[in-house]
1. When both residues are 6+ apart or on different chains and their Cβ atoms are under 7 Å apart, which pairs have a first residue that lies in region 98-111 and is closer than 17 Å to Lys127 by Cβ and modelled with pLDDT of 95 or more, and a second that is assigned to a strand (DSSP E or B) and aliphatic (A, V, I, L, M)?
2. Return only the number of the condition from (1) out of contact with any Cys (no Cβ under 8 Å at 6 or more places or on another chain); (2) touching a residue at least 40 places away in the same chain (Cβ under 8 Å); (3) surrounded by 14 or more Cβ atoms within 10 Å (Cβ to Cβ) that His39 does not satisfy.
3. Would you mind finding the one in Ile54, Ile44 that is out of contact with any strand residue (DSSP E or B) (no Cβ under 8 Å at 6 or more places or on another chain) and under 26 Å from Asp93 (Cβ atoms)?
4. Give the residues of region 42-51 that are more than 20 Å from Arg105 (Cβ to Cβ), over 12 Å from the mean Cα position of the chain (by Cα) and either surrounded by 16 or more Cβ atoms within 10 Å (Cβ to Cβ) or aromatic (Phe, Trp, Tyr) (or both), sorted by residue number.
5. Please go through (1) at pLDDT 95 or above; (2) in a helix (DSSP H, G or I); (3) surrounded by fewer than 13 Cβ atoms within 10 Å (Cβ to Cβ) for Leu125 and return the number of the only condition it doesn't satisfy.
6. When you check Ala97 against the structure, is it touching a His at 6+ places or on another chain (Cβ under 7 Å) and either loosely packed, with under 14 Cβ neighbours inside 10 Å or not acidic (Asp, Glu) (or both), yes or no?
7. Would you check which residues across region 22-36 are under 15 Å from the mean Cα position of the chain (by Cα) and touching a residue at least 24 places away in the same chain (Cβ under 8 Å) and list them?
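The values are calculated or read from the model by the stated rules, or taken from the named source; none is laboratory data. As the structure is a computational prediction, the values presented were derived from the model and not from experiment. We place every Cβ from the backbone using ideal geometry, glycine too, and count neighbours over all the protein chains shown.
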Amino acid sequence: MLPRGAIQYRERAKQLRDYSGLQFGNITPTDIDGLIEYHNKAYIIIELKFKDAILPAGQRLALERMTDDLSKAQKDAICIIGAHTVEPNQDIDVANAIVVEYRWRMNWQLPRQHYNIREFIELFLSKVVER
């Protein structure tokens, strides 16, 4: 049995998704790399990019609106954008990806210091959720 959160169905995970049949005007689906619903108190949305790849405008807007809507519903919500340098033939250790920006309380912000995603989530939970 694999540990919780480990890749369980490696061959299925390699399958690409074609959203071309789901275009509505200039809108097509976007993906989210990770989502944590934390004890009915908070949502943590995670999006990863390779090195300094830019978050496309449509994806940024969707993540922004989702995070803000969850906040308006009285849930603490944060969207974390992380960067990694892992080559396509290797697994990405999401916990160790570097936080490059985040959306919280209706604003995009840059981290004040260097954090990996695990550290940043722990900080968020300690300051916001478990008060």
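1. Listed by first residue and then by second, the contacts come to Val99/Ile80; Tyr102/Ile78; Tyr102/Ile80; Tyr102/Ile81; Arg103/Ile78; Trp104/Ile78; Pro111/Val99.
2. Evaluating His39 over (1) out of contact with any Cys (no Cβ under 8 Å at 6 or more places or on another chain); (2) touching a residue at least 40 places away in the same chain (Cβ under 8 Å); (3) surrounded by 14 or more Cβ atoms within 10 Å (Cβ to Cβ) leaves (3) as the failure.
3. Exactly one of Ile54, Ile44 is out of contact with any strand residue (DSSP E or B) (no Cβ under 8 Å at 6 or more places or on another chain) and under 26 Å from Asp93 (Cβ atoms), namely Ile54.
4. Phe50
5. Answer for Leu125: the failing condition is (3).
6. So Ala97 fits the description; yes.
7. The answer is Thr30, Ile32, Asp33, Gly34, Ile36.
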